[in-house]
Structures are given as C-alpha cells and as structure tokens.
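Notes follow the structure.
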Amino acid sequence: MKVLALESSCDETAVAIIEDGRLLSSQISSQIDIHKRFGGVVPEIAARKHLEIIDRMVSRSLEEADLDIKEIDVFASTMGPGLVGSLLIGLSFAKGMAIAMNKPFVGVNHLFGHVYANFLRYPLLKPPFMVLLVSGGHTEILVLKDWDRIELVGKTRDDAAGEAFDKIARLLGLGYPGGPAIQEAAEKGQAKYHFPRPLREKGNFDFSFSGLKTSVLYFMKKNPLASVSDVAASAQEAIVDSLVTKAFDAAESLHLDEIAFAGGVASNSLLREWARVQSEVSGIKAYFPPVDLCTDNAAMIALVAHEKAKRGLFSPLSTNAVPYLTLDFF
C-alpha cells in the first residue's frame, strides 16, 4: 500500500510517501525565515504560503519516490489540531487528489503523528509505552495504550515548553524560533542561575512554565549585565529538568519501561542527553525520532494514515479541519 500524505498544520508545508511503512519520500518546506521578522507565526501568511507551494511539493515527492500519482493507493492529510487556514490547504488538496484519482482519503490527528514518528526509527516499538509530547503548542505526558488509543497522564497548566522557549528567547533578544536560539546561546554559557521548577510534588505529572518566563524577566531587570548565554543555559536546564524528571517519574509510577519522546522540543540536545543519562540510571528505555522528524513533517502523518487504512478506517470527503482536535480522535 502506497500512501501520500500532506502536513500543513502550522508553518511547514510537507509531503511524504510511504509504502507498507517504508519511507519513500519526505519533503519539507519551512516558513521560519518568513515569520521570524514577526516573532511568531502569522496565520494568514502561513496559509497563503502553503497554497503557493503545495503543488510543487507533491510533484517533488512523487519524483523522489519515482512514482506516478496514479500509483498512490491512499491520500491523507492532517485534519487537526493546528491553524485552521493552514489545515484547510493541505486537507483540501489531499481530498482533491483522492477525488481525481478515485482513491480513498484519510484524515489524521497531528498529535498521533508526532507519537508515530518514533516508529519510523524504531519499527519494533509496540504499545503500551509512555510518551512525552513536547512542542510549541503541547506539553503532555501520555500513554499509548494501543495503536489507536492514547491516555493523558499529565499536561501543562499554562504555557507549553516550546512556547516558553519562544517567550524567553524574545526576552533575551535571541530571536525566533526560541528553542534553537536558546540552545545555541546556551552552548556558550553555563547554567549558573536557578530558575523555578513548579509542581514538583510526588505524583504530580502536570507542568507549568509561565512562572519561569516571569522569573527570567525579573532576573534580567535586576541583573541587566548578566550573560545572556548563562541565562539561556539556566532557563533551558529548568525546562529540561522538569520534562525529564516528570516523564521518568510517571513511567516508573505506571510501571512502564519505555518512554518515546515526540514533538519539536524533542530535538533539543540537552533534553536528549539528560534523558539518556536518566535512562541509564533508571533502566527505563528512552526513544527519540530522528531530529528532522521531531518538527512537523508528513512522514509521521503518512504512517498514521497507513495504520488507519490497514484497518479500513477511511475518512469521508466531508471531513473538515478541526483546529482543536483532541487525543480522543485517532
């Protein structure tokens, strides 16, 4: 079965093709350079840029896979969550191809996609296992109970970790996107300052990062000559400490011996290093997708679509974009 999938939930336009779980093509076009001048993603601009390039991305992906569009068996697209205008571009284009080729269509939950990205590197990984989903819009501890069922264990009560990176980077004048900017600055500094790690009581698996942003703000007001690199390193350590500690505590509490990390923040090098060390100490295995598959991509969407298609879970052509789609929908 050959699946062509589109991902356009935010500011990456992505197309991928898989055949029976094997990745044949993955094309990603980022809009970072367009949005960085605004300090964040502008939804209207993002949707327009998707529209400008999506047909070329599909052509490139088919060429890379050495396939004709007539050879595709299933067309798929992210249906949510995400920016509604951006979602509609990919969704409409995928449904259009399905109609033109008289092939089935599958709508995919973006959150399941991030979890499934791990299967591209670890095909033998099987549920149940713990998941730490951490990105610009999501910070959640989950359990993948079965291929189509996720249970929520803990979540952020305010800012997502990626959002905290963006806001702190803006405070420090490091630019957008904040995660890579803070990581780069932190590599030149030392984590010499202690910033808060809220909700650390035993058995609490929720997160809070808004206080960290406020703490950095007041610290810089009181210490205007402090090294930006040292502050970046200290803030990054506070975020990573919270993420790793709670994820491994939750896995131990639920008697799970595997944690899969997912989402854009999973590409952070300090997070990967701390998770590796904690894995060795605890005996709980840690899995990370390839760095290029942590951020939004269509390969993960294609993999979920393939799993759904195998089960005959096709979507009607009336399927609409759902910007606040929850984990209840596979």
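Read-outs throughout are calculated quantities, based only on the coordinates presented, and are distinct from any laboratory measurement. This is a predicted model, so every value here is computed, not measured. Every residue, glycine as well, gets a Cβ built from its backbone with ideal geometry; the counts of neighbours run over all protein chains shown.
Before moving on, here are some points about what is shown:
- Charge sum, other residues only, whose C-beta stays under 12 Å from Ser282's C-beta, Lys/Arg counted +1 and Asp/Glu -1: -3
- Against the main long axis of the alpha-carbon atoms of the chain, helix 298-310 sits at an angle near 50°.
- Projecting label points 7 angstrom from Cα along Cα→Cβ for Glu187 and Arg157 puts them 3.6 nm apart.
- DSSP bridge pairs, the chain: antiparallel proportion in percent, nearest 5: 60 percent
- Averaging the sequence gap over all C-alpha pairs within less than 8 Å and six or more residues apart, then dividing by the number of residues, gives segment 126-291 a relative contact order of 26 percent.
- In plain terms, the chain is cut at each of the trypsin sites (Lys or Arg not before Pro) found in a DSSP loop with at most 13 other Cβ atoms within 10 Å, and the longest leftover piece is 1-156.
- Label point distance in nm, Arg170-Asp55, each placed 7 Å from Cα along Cα→Cβ: 3.6 nm
- For the chain, the mean residue ellipticity at 222 nm estimated from helices alone is -14000 deg cm²/dmol, where every DSSP H run of n ≥ 4 contributes -39500 (n - 2.57) and the total is divided by all residues, rounded to the nearest 500.
- Label-to-label distance, nm, for residues given as Ile45 and Asn223 (7 Å Cα→Cβ offset): 3.4 nm
- Among the listed pairs Lys49/Lys308; Lys36/Lys213; Lys36/Lys192; Lys192/Lys285; Lys49/Lys213; Lys49/Lys246, those beyond 26 Å (Cα-Cα): Lys49/Lys308; Lys36/Lys192; Lys192/Lys285; Lys49/Lys213; Lys49/Lys246
- Net dipole in debye of the chain [+1 Lys, Arg Cβ; -1 Asp, Glu Cβ; about Cα centre; nearest 20]: 560 debye
- DSSP assigns beta bridges within segment 126-291; of those with both partners inside it, close to 60 percent run antiparallel.
- Fully extending the segment from Tyr122 to Asn320, taken as 0.36 nm per residue of separation minus the present Cα-Cα distance, adds 68.1 nm.
- Ordering Leu142, Leu172, Ser242 by Cα displacement along the dipole of segment 126-291 toward the positive end leaves Leu172 in first place; charges were set at the Cβ atoms of Lys, Arg (+1) and Asp, Glu (-1).
- Build a GNM of the chain with springs between Cα atoms under 10 Å apart, and of Ser86, Ser234, Ser77 the one that fluctuates most is Ser234.
- Per-residue extension of 0.36 nm, minus the Cα-Cα distance of His194 and Glu63, leaves a gain of 42.0 nm for this segment.
- Positive contributions from Lys and Arg (+1) and negative ones from Asp and Glu (-1), summed over other residues with Cβ under 12 Å from the Cβ of Tyr122, come out at +2.
- Cβ-based charge dipole, the chain, positive-most Cα from Tyr193, Asn109, Val304: Tyr193
- Charge tally for Pro177 (other residues, Cβ to Cβ under 13 Å; Lys, Arg +1; Asp, Glu -1): -3.
- Working from Cα pairs under 8 Å separated by at least six residues, relative contact order for the chain is 25 percent.
- Dipole size of segment 25-142 about its Cα centre, with +1 on Lys/Arg Cβ and -1 on Asp/Glu Cβ: approximately 260 debye, rounded to the nearest 20.
- Model label zone, Val277; criterion: amide N under 19 Å from point 7 Å along Cα-to-beta-carbon; scope segment 218-247: 230-247
- Here the Karplus curve 6.51 cos²θ - 1.76 cosθ + 1.60, taken at θ = phi - 60°, turns the phi angles of segment 148-158 into couplings of 10, 9, 10, 10, 7, 10, x, 8, 6, 8, 8 Hz, with x standing for Gly and Pro.
- Each of Ala14, Val58, Ser30 was scored by the projection of its Cα onto the charge dipole of segment 3-58, and the greatest displacement toward the positive side belongs to Ser30; charges sit on the C-beta of Lys, Arg, Asp and Glu.
- The dipole here belongs to segment 126-291: it is taken about the Cα centre, uses +1 on the Cβ of Lys and Arg and -1 on the Cβ of Asp and Glu, and is about 440 debye.
- Relative to the current alpha-carbon distance between Asn204 and Lys36, full extension at 0.36 nm per residue lengthens the span by 56.9 nm.
- Between the C-alpha center of segment 274-316 and that of segment 93-113 there is a gap of 20 Å.
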